[in-house]
Amino acid sequence: MTTSAAVPSGPEGAITSDGTVTDRLVEANQGYAAEFTDPGMDARPVLQVAVVACMDARLDLHAALGLELGDCHTIRNAGGVVTDDVIRSLTISQRALGTRSIVLIHHTGCGMESLTEDFRHDLEMEVGQRPAWAVEAFRDVDQDVRQSMQRVRTSPFLLHTDNVRGFVFDVRTGLLREVDPA
């Protein structure tokens, strides 16, 4: 599936059969830009916090956490897993842009719980090249939050690892449940 695939027409606000998802996004941006006023912010988050979360479309992080534009850095990937690239982003967030706290958010019903490293093998068989990255699938969401917290806390690149907390977001209730790091 690509973002430029044709999408059938639907209810009001949906794109037409000859438009694409990307066309809809560009059109929405034009409306946004027409009303836009520069908030006068810089790249440093007001709350000095970075949030690492899953890319799942059901997670509206700003709404769920009561955040406003400019409050935090948001880093998202499949599973909300702390990978080398997440450490890279957190390092820049802390060392160049002043964040001090890190919040990790996984969620219930994550698609990463149904994958295995076989996904990577199957991809290699299909395209003829083994991905350089690991799938980072998991079976136990709490344990994966603990592993992600440990990766942050032991990174030599991060300056501030004393305020790292991990949570599981319940996609049915909208509530966060904190995970004990032990």
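The values are calculated or read from the model by the stated rules, or taken from the named source; none is laboratory data. Computed from a predicted structure; not experimentally measured. With ideal geometry, Cβ positions are generated from the backbone for all residues, glycine too; neighbour counts draw on all protein chains shown. Heavy atoms of the whole protein, side chains included, go into the accessibility calculation; ligands, DNA and RNA do not. Shrake-Rupley method; radii C 1.70, N 1.55, O 1.52, S 1.80 Å.
Points worth noting:
- About its Cα centre, region 109-182 has a charge dipole of approximately 300 debye under the convention of +1 per Lys or Arg Cβ and -1 per Asp or Glu Cβ, with nothing else charged.
- Relative contact order [Cα under 8 Å, 6+ residues apart], the chain, whole percent: 19 percent
- Sulfur and carbon atoms: percent of accessible area, the chain [1.4 Å]: 53 percent
- A cut-off of 5 Å between modelled amide H atoms, ignoring neighbours fewer than 5 places along the same chain, links I75 with V51, V52, A53.
- Under 5 Å between amide hydrogens, built in the peptide plane, is the criterion, and for D56 it picks out G79 among residues at least 5 positions away or on other chains.
- FRET efficiency, 1/(1 + (r/R0)^6) with R0 30 Å, evaluated for E126 and L47 via beta carbons: 0.10
- Alpha-carbon gyration tensor eigenvalues x 5, square-rooted, for region 64-164, Å: 27, 16, 13
- When nucleic acids and ligands are ignored and a 1.4 Å probe is applied, S89 ends up with an accessible area of around 30 Å².
- Modelled this way, with points 7 Å down the Cα-to-C-beta line, the labels at E68 and D23 are 3.8 nm from one another.
- Label of the coordinate-derived value, P(r) over Cα pairs in 10 Å bins from 0, in percent, listed as (1) 9, 31, 29, 14, 7, 5, 4, 1; (2) 9, 38, 37, 14, 2, 0; (3) 8, 28, 31, 25, 7, 0: (3)
- Averaged per residue, region 60-114 has 42 square angstrom of accessible surface, using a 1.4 angstrom probe with ligands and nucleic acids left out.
- Nearest-20 debye value, region 50-89 charge dipole, Cβ charges on Lys, Arg, Asp, Glu: 80 debye
- Taken about its Cα centre, the chain carries a charge dipole of about 660 debye when Lys and Arg each add +1 at the Cβ and Asp and Glu each add -1 at the Cβ.
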